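The values are calculated or read from the model by the stated rules, or taken from the named source; none is laboratory data. The structure displayed is predicted, hence computed values, not measured ones. Here the Cβ positions follow ideal geometry from the backbone for every residue, glycine too, while neighbour counts run over all protein chains shown.
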Protein chains: 2
Amino acid sequence: MSKVRIGIVGVGNMGSSHSRYLTAGEVPDGELVAVADTSPDRIDWAKETLGEEIQCFDSAEDMFNSGAIDAAIIATPHYDHPPLAIRAMELGLHVLIEKPAGVYTKQVRELNAFAEKSDRVFGLMFNQRTLSTHQKMRDLVQSGDLGEIQRTNYIITSWFRSQSYYDSGGWRATWAGEGGGVLMNQCPHNLDLWQWICGKPSRVRAFIGFGKYHDIEVDDSVTAYVEYENGGTGVFITTTGEAPGTNRLEIAGDRGKVVLEGGKITFWRTRESVSKFNKEYQGGFGSPEVWKCDVPSGSGGEGHKGITKNWCSAIKDGTELLAPGTEGIHGLEIGNAMLLSSWTDGWVDIPIDDELYHKKLQEKIDSSTVVKEDTGKVLNVVGTH
Amino acid sequence: MSKVRIGIVGVGNMGSSHSRYLTAGEVPDGELVAVADTSPDRIDWAKETLGEEIQCFDSAEDMFNSGAIDAAIIATPHYDHPPLAIRAMELGLHVLIEKPAGVYTKQVRELNAFAEKSDRVFGLMFNQRTLSTHQKMRDLVQSGDLGEIQRTNYIITSWFRSQSYYDSGGWRATWAGEGGGVLMNQCPHNLDLWQWICGKPSRVRAFIGFGKYHDIEVDDSVTAYVEYENGGTGVFITTTGEAPGTNRLEIAGDRGKVVLEGGKITFWRTRESVSKFNKEYQGGFGSPEVWKCDVPSGSGGEGHKGITKNWCSAIKDGTELLAPGTEGIHGLEIGNAMLLSSWTDGWVDIPIDDELYHKKLQEKIDSSTVVKEDTGKVLNVVGTH
């Protein structure tokens, strides 16, 4: 096989961003050959910008059936990710979907069931998994160097968005259009990283503000408490209403604590096991010796392009995926559990009740009074995630 | 009036610590003249250590009635703080009580009602209010420099205690003896500082581990979510089971965020109001300009001695109290609300239902199966708070 022939479904904000590094030849194993978009304006944009050799389609279905592509990147609004991914795989195409994998777990569990029976390469744009800091945090946990996890604390409030951002797209920040707010749009990465690094919680209790800082109907302020199977606890805090906000992941374990903040990892490592010291020390006041360690964590990572490169290599050479599509369910399920907990003002166990969540989401859609006009405006996403 | 003649009730861990700086003459307006303790061992210790001029009593009542003292510092186990404080004021003495003001709000509201009718000077050992960093944090909020508070996050898990600490005293870490765990013993300062700096929340939802890291019946691991009257939210996390733990207070407001950690205050100040920018900015993605400011916060503070000095000055010259005794209710009420929320697995409004809390606490005491022998061991508290 020569280069993987790629088609992008949706060349709005994120899709156009993917098209740029692909047409610049920055993905050795792949080439952009086609795009599909239902908006004539975006097709015009593609024709003007991407060059004449790129085929343009006004429907994903036509592009999937064209024979022109081996693989599709799906960068449409969220609700369409699962059905388009299934359809593409059905027609023999490899698939890479933008995050989130879908809007509700029921939909994504169906997608995963389909993907598991398919031999196509199914990837997910969890570009933050490519960052060396996140990989190192995961390494510190998985290697056992941090010891058993006692507590996690992820404050990820550096997602400030102005009202004009929300006003820029008809689908944005509505139950019908996007299926959620900060949890669905900004946080899929963080929810994924949290579970990728620390493991998946077993139950959730969340407190959510809907349209707290913006004139929107969905979530823009979240505090969630979780419990893990081993008895550990965690807190996840996010909002689009703070500036400058915080991006800080702290994990306390039986061998100290590690903090990722400002792109820097610091590990306060106890010289011995905390639980052992706790049991054996006889002096009353006193605590284990601690070594403050600056942990090297490399420099950066390839982001979106890295995920696309990895996906193309997986298609060509069977390279292992850094972000398998089927893993999209995990962060989504945690986010769904948070919303459900807030709606029911109670605990939500994981795995969640897919049907109940879907029903509650449908109720939100049905009772929505939001009427927005699509401005068709495409925002510059350079610097976003 | 010459020097305030002080008697200390209880010369165990904290009382003996107060006796040291007093006998060293470090409090200009006060002098230690007497101590009272029900333990013969501690009386022996006082006679040997404090000098012959210090009168020793085997009951607080006798010392209060002796005519030898003008003022009493009460450093007994927690339950006795309110009745002893009331009795001392009744007999015309000024009073300074160790934290917490009491164990349950019902008891402390009675104390406060009595104190408000008394003309005696009633102080509380909130020594952490003397620290310049805490005063500066309060200043940043109260001055309006931080803008209206959106979110607070206090991680105060640097309270590691080993099992041997809990085993050292018969009253420790029992419902009957101490009335709580980390919230009652270690965190009164932090609960007070949190409300002193950020204001008092209006409702609480807390998640608590009882004997999670230690063989004790009370709380040693707490995560609490709170809401403020203005719609702001907050999280308070504490435990005695982590090492080294974290001591970090973050407050996000309409003019940025401020963080106190490692004795250092950093203020990421937005050049303009976040809420104004949010409404008026028209560019979609984009956020307010931020200036990272290192805020000078002085060096330290006088701690316990500072509170005792301030209290003596208040008695002698009417100096304003930094920590009026009647303010002890605030942090206690938040802590009580956390426990009640955990016990009932539900929301607790503030002001809390004093009677309900008292009833629930009594149930814990009645159903306790803990039998501990008092080792009579006095721990070295140098370096504790």
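Condition check: in contact with a Leu (Cβ under 8 Å, 6 or more places away or on another chain), at the interface with chain B (Cβ under 7 Å from one of its Cβ atoms) and over 22 Å from residue B:152 (Cα atoms). Does residue A:164 satisfy that? It is false that residue A:164 is in contact with a Leu (Cβ under 8 Å, 6 or more places away or on another chain), at the interface with chain B (Cβ under 7 Å from one of its Cβ atoms) and over 22 Å from residue B:152 (Cα atoms). Looking at region A:57-74, which of the residues that are surrounded by 18 or more Cβ atoms within 10 Å (Cβ to Cβ) and more than 19 Å from residue A:326 (Cβ to Cβ) is nearest to the chain's Cα centre (by Cα)? So the residue we want is A:60. Does residue B:41 qualify as being farther than 22 Å from residue B:316 by Cβ, in contact (Cβ under 8 Å) with a residue 12 or more places away in the chain, crowded, with 24+ Cβ neighbours inside 10 Å and not aliphatic (A, V, I, L, M)? No, not satisfied.
Of the residues making up region B:167-203, those that are within 14 Å of chain A (Cβ to nearest Cβ) and among the hydroxyl-bearing types (Ser, Thr, Tyr) are B:168, B:202. Picking from residues in region B:280-296 that are under 17 Å from residue A:158 (Cβ atoms) and hydrophobic (A, V, I, L, M, F, W, C), the one that is farthest from the chain's Cα centre (by Cα) is B:285.
Scan region A:314-341 for residues that are hydroxyl-bearing (Ser, Thr, Tyr), assigned to a helix (DSSP H, G or I) and surrounded by fewer than 22 Cβ atoms within 10 Å (Cβ to Cβ) and jot them down.
A:326
Among the numbered conditions (1) within 20 Å of residue B:192 (Cβ to Cβ); (2) crowded, with 24+ Cβ neighbours inside 10 Å; (3) in contact with a helix residue (DSSP H, G or I) (Cβ under 8 Å, 6 or more places away or on another chain), the only one that residue B:35 does not meet is (1).
Suppose we keep only residues that are part of a loop (DSSP other than H, G, I, E, B), within 11 Å of chain A (Cβ to nearest Cβ) and not hydrophobic (A, V, I, L, M, F, W, C) within region B:148-161. Which one would you say is farthest from residue B:14 (Cα to Cα)?
Kept after step one, since they are part of a loop (DSSP other than H, G, I, E, B), are these residues of region B:148-161: B:148, B:157-161.
Now restrict to residues that are within 11 Å of chain A (Cβ to nearest Cβ): B:157-161.
Imposing the further condition that a residue be not hydrophobic (A, V, I, L, M, F, W, C) reduces the set to B:157-158, B:161.
Values: B:157: 22, B:158: 20, B:161: 17 Å.
Result: B:157.
Residues in region B:314-365 that are among the polar types (S, T, N, Q) and under 22 Å from residue B:115 (Cα atoms): 3 in all.
Among the residues examined, residue A:244 qualifies as modelled with pLDDT of 95 or more, facing another protein chain (nearest Cβ under 10 Å) and outside any strand (DSSP E or B). Entry remark, region A:297-339: residues being farther than 29 Å from residue A:28 by Cα and without any contact (Cβ under 8 Å) to a residue 60 or more places away in the chain number 0 in total. Counting only residues that are part of a strand (DSSP E or B) and either surrounded by fewer than 23 Cβ atoms within 10 Å (Cβ to Cβ) or of a type in the set (Ser, Thr, Tyr) (or both), how many does region B:170-207 have? Total meeting the criteria: 3. Filtering A:123, A:67 for residues that are of a type outside the set (Ser, Thr, Tyr), on the phi > 0 side of the Ramachandran plot and at pLDDT 95 or above leaves a single hit, A:67. Report yes if residue A:317 is of a type in the set (Asp, Glu), within 30 Å of residue A:272 (Cβ to Cβ) and at pLDDT 95 or above, otherwise no. Against the criterion (of a type in the set (Asp, Glu), within 30 Å of residue A:272 (Cβ to Cβ) and at pLDDT 95 or above), residue A:317 does not qualify.
Scanning region A:100-147 for residues that are touching a His at 6+ places or on another chain (Cβ under 9 Å), in a helix (DSSP H, G or I) and hydrophobic (A, V, I, L, M, F, W, C) turns up A:108, A:111. Among the residues of region B:260-282, just one is without any contact (Cβ under 8 Å) to a residue 24 or more places away in the chain, over 26 Å from residue A:211 (Cα atoms) and either in a strand (DSSP E or B) or among the hydroxyl-bearing types (Ser, Thr, Tyr) (or both), namely B:261. Annotation note: of A:77, A:82, the sole residue that is at pLDDT below 95 and either buried (at least 16 other Cβ atoms within 10 Å of the Cβ) or under 27 Å from the mean Cα position of the chain (by Cα) (or both) is A:77. Taken as a whole, the structure leaves residue A:89 outside the set of residues that are crowded, with 24+ Cβ neighbours inside 10 Å, touching a helix residue (DSSP H, G or I) at 6+ places or on another chain (Cβ under 8 Å) and not in a loop (DSSP other than H, G, I, E, B). If you go through region B:218-231 and pick out every residue that is more than 10 Å from chain A (Cβ to nearest Cβ), surrounded by 21 or more Cβ atoms within 10 Å (Cβ to Cβ) and not aliphatic (A, V, I, L, M), you end up with 2.
Restricting the search to region B:287-301, which residues are at pLDDT 95 or above, surrounded by 14 or more Cβ atoms within 10 Å (Cβ to Cβ) and in a loop (DSSP other than H, G, I, E, B)? Listed by number, the residues that qualify are B:287, B:288. Residues in region A:258-285 that are facing chain B (nearest Cβ under 7 Å) and modelled with pLDDT of 95 or more: A:268, A:270, A:274, A:277, A:278, A:279, A:281, A:282. All of A:46, A:68, A:72 fail the test of being aliphatic (A, V, I, L, M) and part of a helix (DSSP H, G or I), apart from A:46.
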